[in-house]
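Structure first, then comments.
The values are calculated or read from the model by the stated rules, or taken from the named source; none is laboratory data. Keep in mind the model is a prediction, meaning the values are calculated, not measured. In this analysis, Cβ positions are derived from the backbone assuming ideal geometry, glycine residues included, and neighbour counts consider all displayed protein chains. The area values use the complete protein model at the heavy-atom level, side chains included, leaving out ligands, DNA and RNA. Shrake-Rupley method; radii C 1.70, N 1.55, O 1.52, S 1.80 Å.
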Amino acid sequence: MTSGDATQDVETPRAKAATRRGRSAYLYTLISLAGLFIVWQLVVSAQWVTEFFLPGPARVFSLMVEMVVDGTLFVHIVVSLGRVIAGFLLAVLVALPLGMLIGLWRPMFHLVDPWIELVRPIPPIAWIPLAIMWLGLGEESKVAIIMYGAFFPIVLNTVSGFRGVERVHIWAALTLGVSRQQIFWHVIMRSALPRVVVGLRLGAGMAFIVLVAAELILADAGLGFLIQDGRYQLKTEQIMVGIVVIGVIGYFINKGLLWLESKWIPYRETLDQNT
Amino acid sequence: MSEKVHITDLNMIYVSDRLERSVTALEDIDLSIATGEFVCLLGPSGCGKTTLLNLIAGFLQPTSGSVLVNGTPVSAPGPDRGVVFQEYGIFPWFTVSQNIAFGPRMRGASKREQEDIVRHYVDLVHLTGFEHHYPGELSGGMKQRVSIARSLANGPDILLMDEPFGALDAMTRETMQEELLRIWELDKKTCVFVTHSIAEAVYLADRIVILSAHPGRVKDIVEVDLERLRDRSSGEYFELYRHVDVTLRVEMSKSREEYEEA
Ligand SMILES: Nc1ncnc2c1ncn2[C@@H]1O[C@H](COP(=O)(O)OP(=O)(O)OP(=O)(O)O)[C@@H](O)[C@H]1O
Ligand SMILES: [Mg+2]
């Protein structure tokens with residue numbers, strides 16, 4: 001807003017040290033990942049276990065390359081991501097407005113909160129039989145299971161975000177002559193946002209975790225299907241491919257969302273609330 | 001001088017459902033504050049200073065009695081009464097500049113005007129270089145200065161300050177008191193300043209309103225007829241300090257006795 005400030009970044013010794021720390025963090029990550037692969041390969045090469053029980057990284061990797069080349073892996077990923085995104089978006093569509101309503105309006109809290117707390121401990125897998133009976137074996141039941149999983153982190157964090165709006169901030173805005181509508185957008189929404197975004201990130205993570213359970217329901221494609229199919233065909237390396245790909249995609253989704261979060265909420269690290 | 005704030009027969013009782021009891025925070029308050037006057041509310045912790053300020057600001061409605069500002073009863077908070085909160089109350093999602101410009105921006109001030117306002121008030125409270133910092137990156141004293149700047153930037157008629165220098169060390173505190181007087185001398189806004197430091201009250205105020213605790217009543221009103229800037233080591237300053245100190249001590253021991261009897 002103002003130009004010509006005194007806090008322009010200079011390469012101070014401390015800034016340099018921070019960059020160095022950043023670089024060595026990457027190095028540690030690399031060493032730890034490489035270490036895992038080496039141990040994994042050693043265990044297999046030394047024939048402590050047979051490759052049926054635990055195929056080595058080389059074998060898993062070569063199957064992965066094969067599946068990339070013939071395009072099947074891509075199809076599985078797209079199908080699974082489609083389900084995850086659909087379930088996640090549906091969860092957002094319901095959980096955001098509901099969470100906002102609950103957080104801002106006390107009667108709503110007392111009305112809905114008991115239900116949320118009652119249903120929340122029931123794991124997604126427990127719903128599979130009913131989901132199939134009610135929604136059939138098609139996409140609907142799978143997406144519904146994913147939506148169910150993503151729903152709770154989003155709604156709970158949204159509620160706590162809106163309940164956490166501080167009275168002093170509303171009062172401050174009122175003494176600045178700010179209108180009710182402006183208070184809603186610039187104070188209430190802004191105040192709740194960091195918590196809501198945490199909810200979205202956890203919700204997206206949960207959608208991805210629930211994916212494999214959802215694809216236990218009759219499926220002919222998807223990463224969960226890949227794992228199931230590997231089990232029936234006794235192709236352990238196919239199971240491993242499914243597991244590794246889910247891990248890697250989940251990792252990048254989380255990283256991406258964290259990055260988005262830091263862009264959206266640049267002051268996040270300066271807040272003293274946790275999570 | 002005309003009258004700015006007029007408080008008559010004011011009583012404030014908080015009712016706590018949870019504890020099933022009520023607390024009389026303020027009792028029979030009569031107080032009149034002139035335009036351009038600098039009034040300090042002084043009293044022990046819990047005597048109702050914040051409550052009185054919140055009533056003038058319009059955040060609370062009195063149990064009985066009335067608060068008039070410019071002759072009209074206070075019914076809600078408004079931009080004519082700027083408030084510097086005891087717990088800062090600045091927005092953690094805005095930078096220092098965005099906090100200061102918030103009021104004018106919401107009223108539709110142009111980018112240029114906002115920039116000018118920010119530059120002026122950042123300079124006034126000595127926060128140059130911290131415009132783009134978030135409150136979470138500032139010390140307690142700096143947050144209080146942002147809070148003061150944000151209030152001033154909105155151009156209030158009355159400035160209500162609740163222990164604005166509470167988070168400062170003694171040295172910075174004295175400097176900030178001088179700064180505040182410098183700013184106040186510019187356009188002589190009516191100031192109501194809450195403190196529990198006697199030295200601060202004697203240094204700043206035209207009049208010191210001494211409140212007693214449980215219930216909060218106006219115990220005494222002391223006029224400070226010293227030239228500003230005041231010499232903190234002068235005999236007159238010390239004389240007044242002594243007078244206020246004695247009054248306050250008597251008050252505190254009295255309220256303690258009452259408390260123990262009850
Ligand atoms: N919201 C509330 N509900 C019930 N009682 C309250 C409430 N706010 C304040 N009180 C009571 O009113 C009395 C005065 O409180 P107030 O905050 O005005 O004191 P204060 O003089 O500002 O104290 P301090 O110097 O510690 O800030 C206290 O006894 C307090 O317990
Ligand atoms: Mg107080």
Can you tell me which of A:Gln182, A:Gln233 is within 14 Å of another protein chain (Cβ to nearest Cβ) and free of Cβ contacts under 8 Å to residues at least 60 places away in the same chain? A:Gln182
Filtering the range B:77-86 down to residues that are more than 8 Å from every other protein chain (Cβ to nearest Cβ) and either touching a strand residue (DSSP E or B) at 6+ places or on another chain (Cβ under 6 Å) or within 16 Å of ligand 1 (Cβ to nearest atom) (or both) yields B:Val84, B:Gln86
Any idea which of A:Leu271, A:Leu260 is within 26 Å of A:Leu98 (Cα to Cα), surrounded by fewer than 16 Cβ atoms within 10 Å (Cβ to Cβ) and within 14 Å of chain B (Cβ to nearest Cβ)? A:Leu271
Single residue of the range B:159-177 satisfying the filter (within 13 Å of ligand 1 (Cβ to nearest atom) and charged (D, E, K, R)) that is nearest to the chain's Cα centre (by Cα): B:Asp162
Anything in the range B:11-38 that is surrounded by 13 or more Cβ atoms within 10 Å (Cβ to Cβ), more than 16 Å from ligand 2 (Cβ to nearest atom) and over 20 Å from B:Glu251 (Cα atoms)? List them, or say none. B:Ile13, B:Ser32, B:Ile33, B:Ala34, B:Thr35, B:Gly36, B:Glu37, B:Phe38
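Listed here are the residues, each with its yes/no results for (1) open to solvent by less than 30 Å² (accessible area, probe 1.4 Å); (2) more than 30 Å from B:Pro92 (Cα to Cα); (3) in contact with a helix residue (DSSP H, G or I) (Cβ under 7 Å, 6 or more places away or on another chain).
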residue: A:Val65; (1), (2), (3): no, yes, no
residue: A:Phe109; (1), (2), (3): no, no, yes
residue: A:Leu118; (1), (2), (3): no, yes, no
residue: A:Gly161; (1), (2), (3): yes, no, yes
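This table checks each residue for (1) surrounded by fewer than 22 Cβ atoms within 10 Å (Cβ to Cβ); (2) without any contact (Cβ under 8 Å) to a residue 60 or more places away in the chain; (3) over 16 Å from the mean Cα position of the chain (by Cα).
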| residue | (1), (2), (3) |
| --- | --- |
| A:Ile154 | no, no, no |
| A:Thr175 | no, yes, yes |
| A:Arg190 | yes, yes, yes |
| A:Val197 | yes, no, no |
| A:Leu202 | yes, yes, no |
| A:Leu211 | no, no, no |
Filter the range B:42-76 for residues that are more than 14 Å from chain A (Cβ to nearest Cβ) and within 8 Å of ligand 1 (Cβ to nearest atom) and give the result. B:Gly43, B:Pro44, B:Ser45, B:Gly46, B:Cys47, B:Gly48, B:Lys49, B:Leu52
Among the residues of the range B:87-123, how many are at the interface with chain A (Cβ under 9 Å from one of its Cβ atoms) and outside any helix (DSSP H, G or I)? 10
From the option list A:Pro129, A:Pro124, A:Pro114, A:Pro153, single residue qualifying as in contact with a Gly (Cβ under 7 Å, 6 or more places away or on another chain), farther than 20 Å from B:Gln98 by Cβ and either modelled with pLDDT under 95 or facing chain B (nearest Cβ under 10 Å) (or both) is A:Pro124
